[in-house]
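Here's the structure, in structure tokens; my notes come after.
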Amino acid sequence: MIKGLYETHIQVSNLEKSIQFYTEVLDLKLAHLDETRPIAFLWIGDGKGFMLGLWEQKENIQPRHFAFSCEQEDILNYSEEYLKSRNLKPYNFLKDGMSQPMVFAWMPALAIYFNDPDGNQLEFISILEGKSKPELGVISYEEWISKQHEN
């Protein structure tokens, strides 16, 4: 029955500013603006396969987390440069001051984080090939690769 997640919604303090962030900084496409509520819907990626809703709320914003599905090579080779060139600060799950992507060995998946202007925690993530190794926790990509060659 369920095939995937089609859309998610977050609260933002300034709809116009958030539309600008998500369209100009992250290259999402504005699908619909309803100023009477006020809410905006944005297309994620090509086509109409995924959507993000931005709901303006002037106070008591409750930051959320969601992840954008990305190609592994893009995360490894371009995510840090991509984010920094847009004045965004990349960080890893451990929040240890490093900006390189980390691997969640239980999935396994490669991920890097950054925040939107309202403090919503955004993530670029890519599922990796290989067996799950939950005992490894969250590790660097280099360590993940080296562990793949161990018996």
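State whether one or more residues within segment 80-94 are within 27 Å of residue 150 (Cα to Cα) and touching a Leu at 6+ places or on another chain (Cβ under 6 Å).
If we filter segment 80-94 for residues that are within 27 Å of residue 150 (Cα to Cα), which is where we start, we get 92-94.
Retained after the next criterion (residues that are touching a Leu at 6+ places or on another chain (Cβ under 6 Å)): none.
Taking every residue of segment 80-94 in turn, none turns out to be within 27 Å of residue 150 (Cα to Cα) and touching a Leu at 6+ places or on another chain (Cβ under 6 Å).
Taking the stated definitions as given, is residue 99 assigned to a loop (DSSP other than H, G, I, E, B), open to solvent by less than 30 Å² (accessible area, probe 1.4 Å) and not aliphatic (A, V, I, L, M)?
Details: assigned to a loop (DSSP other than H, G, I, E, B): yes; open to solvent by less than 30 Å² (accessible area, probe 1.4 Å): yes; not aliphatic (A, V, I, L, M): yes.
Taking the combined requirement at face value, the residue satisfies it.
Of all the criteria given as (1) modelled with pLDDT under 95; (2) at negative phi, the one not satisfied by residue 67 is (1). Right, residue 46: over 18 Å from the mean Cα position of the chain (by Cα), among the charged types (D, E, K, R) and more than 15 Å from residue 115 (Cβ to Cβ) or not? When the stated conditions are applied, residue 46 does not pass them. Each residue in segment 102-130 was checked for being more than 15 Å from residue 69 (Cα to Cα), at pLDDT 95 or above and assigned to a loop (DSSP other than H, G, I, E, B), and 7 of them qualify. Against the criterion of being in a strand (DSSP E or B), open to solvent by less than 70 Å² (accessible area, probe 1.4 Å) and at pLDDT 95 or above, residue 54 qualifies. Condition (residue is touching a His at 6+ places or on another chain (Cβ under 6 Å) and not acidic (Asp, Glu)) applied to segment 3-24: is it met by at least one residue? No, that holds for no residue. The number of residues in segment 117-151 that are buried (at least 16 other Cβ atoms within 10 Å of the Cβ) and within 30 Å of residue 56 (Cα to Cα) comes to 7.
Of the residues making up segment 33-51, those that are assigned to a strand (DSSP E or B), of a type outside the set (A, V, I, L, M) and in contact with a Leu (Cβ under 8 Å, 6 or more places away or on another chain) number 2.
The values are calculated or read from the model by the stated rules, or taken from the named source; none is laboratory data. All figures in this text were calculated on a predicted structure; none of them were measured in a lab. FYI the Cβ positions are ideal-geometry reconstructions off the backbone, even for glycines, and counts take in every protein chain you see. Ligands, DNA and RNA are excluded from the accessible area calculation, which covers all protein heavy atoms including side chains. Shrake-Rupley method; radii C 1.70, N 1.55, O 1.52, S 1.80 Å.
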